[in-house]
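Take a look at the structure below.
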Amino acid sequence: MILTEDILQAYEKSTLTFSKYLSSYVTVLNKYISVLGKASTLKNERSTLIKYVKKLRFFNDCIVRFDIREESANRNIQHLITIIGSFFIKYLEIIDLLNYFFTQSLQNEILTKTLNSKLLLPPSAIKSIEDSHNHFVKFAQWIIESINFDSSLLQLEVIQFNLRIAIEDKVDLADTDNIFLQEVIAVESEDEYVKLILQWTDILGEKVSTLNAQFHGASNQWQECVEPKKK
């Protein structure tokens with residue numbers, strides 16, 4: 001496949017969408033850090049969130065500074081997708097770890113130490129976190145494998161884990177609702193590749209918008225919980 005101008009523009013749009021996804025986490029985590037600062041029993045959990053925010057900010061700075069056109073000077077699409085795919089995968093693996101801490105262990109610690117359920121993530125927010133992450137993971141797999149590019153270094157753990165379990169359980173991979181098990185079909189042309197990237201990017205943009213709305217509702221709930229009541 002040839003690296004065309006349209007593919008470059010599609011890559012730029014997809015990296016921007018990843019940046020917006022990352023920024024949504026930075027914003028809500030900063031708000032959570034502020035709220036948890038009012039609970040002395042949650043110092044360790046708050047410190048962990050601060051560490052994640054620093055890491056996500058660093059990744060976001062990297063993707064914002066990344067010059068796709070400079071990296072594409074040799075017009076080698078495999079070279080470019082290796083760089084972009086590696087970043088997407090590194091970022092998503094960190095988000096996977098963060099999501100586990102954010103939606104499970106942190107929530108348990110907050111409830112145990114404060115007995116205040118209003119400081120927790122609403123179930124709808126957790127559902128949106130999982131749904132958006134699943135779609136970003138699948139897109140990262142698709143954007144690499146749909147051009148018949150395969151590398152053991154460009155694999156996502158959650159996809160490989162689901163595949164291994166499915167094979168052990170003899171799941172029919174041709175008939176499954178599990179997004180991680182759905183086959184990636186190779187594109188037939190540069191135009192098809194661009195069209196599908198843009199469609200994917202639109203879907204991911206909608207997922208980020210929904211996620212931001214859920215985060216906004218959750219942060220309002222937390223803030224109301226810690227603000228002094230007006231007499």
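The number of residues in region 206-231 that are in contact with a helix residue (DSSP H, G or I) (Cβ under 9 Å, 6 or more places away or on another chain), of a type outside the set (D, E, K, R) and either modelled with pLDDT under 95 or more than 15 Å from ILE126 (Cα to Cα) (or both) comes to 5. Scanning region 57-96 for residues that are surrounded by 13 or more Cβ atoms within 10 Å (Cβ to Cβ) and in a loop (DSSP other than H, G, I, E, B) turns up PHE66, SER72, ASN76. Check whether at least one residue in region 107-117 is of a type outside the set (Lys, Arg), closer than 30 Å to ASN148 by Cβ and part of a helix (DSSP H, G or I), and report yes or no. The answer is no; no qualifying residue exists.
Note on region 162-213: residues that are acidic (Asp, Glu) and under 16 Å from PHE136 (Cβ atoms) total 2. Restricted to region 17-73, and to residues that are hydrophobic (A, V, I, L, M, F, W, C), over 16 Å from the mean Cα position of the chain (by Cα) and at pLDDT 95 or above, which residue is farthest from THR114 (Cα to Cα)? Across region 17-73, the extreme among qualifying residues is ILE50. For ARG46, the criteria (1) free of Cβ contacts under 8 Å to residues at least 24 places away in the same chain; (2) among the charged types (D, E, K, R); (3) out of contact with any helix residue (DSSP H, G or I) (no Cβ under 6 Å at 6 or more places or on another chain) hold in every case but one, which is (3).
Do we find a residue being surrounded by 14 or more Cβ atoms within 10 Å (Cβ to Cβ), aliphatic (A, V, I, L, M), in contact with an Asp or Glu (Cβ under 9 Å, 6 or more places away or on another chain) and in contact (Cβ under 8 Å) with a residue 40 or more places away in the chain anywhere in region 144-152? Yes - at least one qualifying residue is present in region 144-152. The C-beta contact set for region 178-193 (first residue under 16 Å from ASP150 (Cα atoms) and loosely packed, with under 12 Cβ neighbours inside 10 Å, second residue aliphatic (A, V, I, L, M) and modelled with pLDDT under 95, distance under 9 angstrom, 6+ apart or interchain) comprises GLU183/LEU173; GLU183/ALA174.
Restricting the search to region 113-144, which residues are at pLDDT 95 or above and β-branched (Val, Ile, Thr)? ILE126, ILE129, VAL137, ILE143, ILE144, listed by residue number. Kindly list the number of the only condition in (1) in contact (Cβ under 8 Å) with a residue 40 or more places away in the chain; (2) in contact with a Leu (Cβ under 8 Å, 6 or more places away or on another chain); (3) under 21 Å from ALA213 (Cβ atoms) that fails for TYR91. Of the numbered conditions (1) in contact (Cβ under 8 Å) with a residue 40 or more places away in the chain; (2) in contact with a Leu (Cβ under 8 Å, 6 or more places away or on another chain); (3) under 21 Å from ALA213 (Cβ atoms), the odd one out for TYR91 is (3).
The values are calculated or read from the model by the stated rules, or taken from the named source; none is laboratory data. It should be emphasised that the depicted structure is a prediction, and the values quoted were computed from it without experimental measurement. When we count neighbours, we look across all protein chains shown, and the Cβ atoms used for this are built from the backbone with ideal geometry, even at glycine.
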